[in-house]
Amino acid sequence: MNGKKVLLVTGGSRGIGAAIARLAAESGYCVAFSYVSDEQAAEAVAADIKARGCEALAMRGDVGNEEDVLALFQAVDYKFGRLDALVNNAGVVDRKSRVEDMSLDRITRMMRINVIGSILCAREAVKRMSTRNGGRGGAIVNLSSIAAVLGAAGEYVDYAASKGAIDSFTVGLAREVAEEGIRVNAVRPGVTDTDIHASGGQPDRVRQFAPFIPMKRPATAEEIARAVMFLLSDAASYATGAILDVTGGR
Ligand code: NAP
């Protein structure tokens, strides 16, 4: 193992997570990432990381499943022997729905992946990074959403609530580990051009929302990834508990 820093990004096979993985490799990180289903996409991202001269680890696993999370972190331990940064990026939306029509299964899945998954991964990262546990410190960035502020009424209030939880978690964990060499921040993207919208049954969502965004366009995944990389970097060395809106003014 060389002296390169190691980043773990959850949900790195496409969208914002893949953009973070590629940018991190360009910044010299060794990159581990997880995905759930799209092995081909994961292999392509791993190949891009390696093409940038960095080591890559792609691992299948559901962040909302504790066994998978433990296996993911153990794989990082085994391959790299260190962890310097975590990006809690994996997240899901669901079909457009009013709250009164939401099933328990839907709400549970949303919270399990978006909230519990992020907390479990942060728990494992803190165990390894905290100077209190003999670690060398590190940085965590959580992917929230401007939906946490706007509420996503009539669309997916459960998703908005899950991201509100991420905002609170970011502030609380940041304060809890501030003395232990770990910074914890969040990025709150606005509408970003990825496949997440199609996965929620709204493939045209980006186009439909564009006129309502002050900048009149969605973000690219890379524009969100750059904000994440800033918060991970030493340029943000005094930022912790911060939530950075990257929304084109929305
Ligand atoms: P995306 O294009 O749908 O990609 C999601 C990624 O997460 C994929 O790599 C997917 O793997 C993985 N994933 C999904 N469920 C997972 C699970 N249970 N465990 C592990 N990995 C899982 O999403 P995105 O648009 O890039 O969004 C990334 C983050 O930004 C999310 O937290 C999202 O809520 C947030 N965000 C997005 C937007 C937006 O407009 N796009 C706006 C605000 C916030 P597979 O490829 O294997 O399915």
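The phi-based Karplus calculation (6.51 cos²θ - 1.76 cosθ + 1.60; θ = phi - 60°) puts the 3J(HN,Hα) values of region 190-206 at x, 4, 10, 7, 9, 7, 4, 5, 5, 5, x, x, 10, x, 9, 4, 4 Hz, whole numbers, x for Gly and Pro.
Relative contact order for the chain using alpha-carbon pairs under 8 Å, separation at least 6, rounded to a whole percent?
On the way: 509 pairs, mean separation 47.1, N = 250.
Contact order relative to length: 19 percent.
Sorted from greatest to least, the principal axis extents spanned by the alpha carbons of region 6-246 come out as 47, 38, 36 Å. Report summary: the helix-based calculation at 222 nm, which adds -39500 (n - 2.57) for every DSSP H run with n ≥ 4 and divides by the residues of the chain, gives -13000 deg cm²/dmol.
Only lysines eight or more places from residue 163 in sequence, or on another chain, were considered; those with a Cα closer than 27 Å are 96, 127, 216. Sparse packing (at most 16 other Cβ atoms within 10 Å of the Cβ) combined with a DSSP loop state is found for the following trypsin sites (Lys or Arg not before Pro) in region 87-131: 95, 96, 98. Among the chymotrypsin sites (Phe, Trp or Tyr not before Pro) in region 194-250, those placed in a DSSP loop whose Cβ has at most 11 other Cβ atoms within 10 Å are 238. Expected output is a single nm value to one decimal: the length gained when fully extending between residue 234 and residue 208, i.e. 0.36 nm times separation in residues minus the C-alpha distance. What is it? In short, 5.6 nm is gained. With labels modelled as points extended 7 Å from the Cα through the Cβ direction, what inter-label distance (nm, one decimal) is found for residue 39 paired with residue 222? Result for the modelled spin labels: 3.0 nm. Each of the peptides 20-28, 184-192 was scored by the mean count of other Cβ atoms within 10 Å over its residues; in descending order, highest first, they stand as 184-192, 20-28.
Potential lengthening of the chain between residue 100 and residue 175 amounts to 23.4 nm, from the contour at 0.36 nm per residue minus the alpha-carbon distance.
Here region 94-150 and region 29-62 have alpha carbon centers that stand 21 Å from each other.
Taking amide hydrogens as placed 1.01 Å from N in the peptide plane, the amide H of residue 9 sits under 5 Å from those of 32, 33, 34, 87, each at least 5 positions away in sequence or on another chain.
Once both labels are positioned 7 Å from their Cα atoms along Cα-to-Cβ, the gap between residue 131 and residue 245 label points is 3.4 nm. Sequence-ordered 3J(HN,Hα) estimates for region 49-58 from the Karplus curve with 6.51, -1.76 and 1.60 and θ = phi - 60° stand at 5, 5, 5, 8, x, 10, 7, 10, 9, 10 Hz, glycine and proline given as x.
In order along region 234-244, the Karplus-derived 3J(HN,Hα) couplings, from 6.51 cos²θ - 1.76 cosθ + 1.60 at θ = phi - 60°, round to 5, 4, 10, 4, 10, 9, 8, x, 8, 10, 9 Hz, and Gly and Pro are given as x.
What does the highest-first list of 147-154, 218-225 look like by mean Cβ count within 10 Å? Display every interim value, and only then the final one.
Working: 147-154: 16.1, 218-225: 21.1.
For the peptides 147-154, 218-225, the packing ranking is 218-225, 147-154.
Each Lys and Arg Cβ is given +1 and each Asp and Glu Cβ -1; about its Cα centre, region 28-172 then shows a dipole of about 500 debye.
Under 5 Å from the amide H of residue 192 lie the amide H atoms of 219, each residue being 5 or more positions distant or on a separate chain, with H modelled from the backbone and absent for Pro and chain starts. Where does helix 117-129 land angle-wise versus the long Cα axis of the chain, in degrees 0 to 90, nearest 10? The angle comes out near 20 degrees.
None of the figures in this text is laboratory data; all of them are computed from the coordinates on show. Owing to the predicted nature of the structure, the values given are computational and were not obtained by experimental measurement. With ideal geometry, Cβ positions are generated from the backbone for all residues, glycine too; neighbour counts draw on all protein chains shown.
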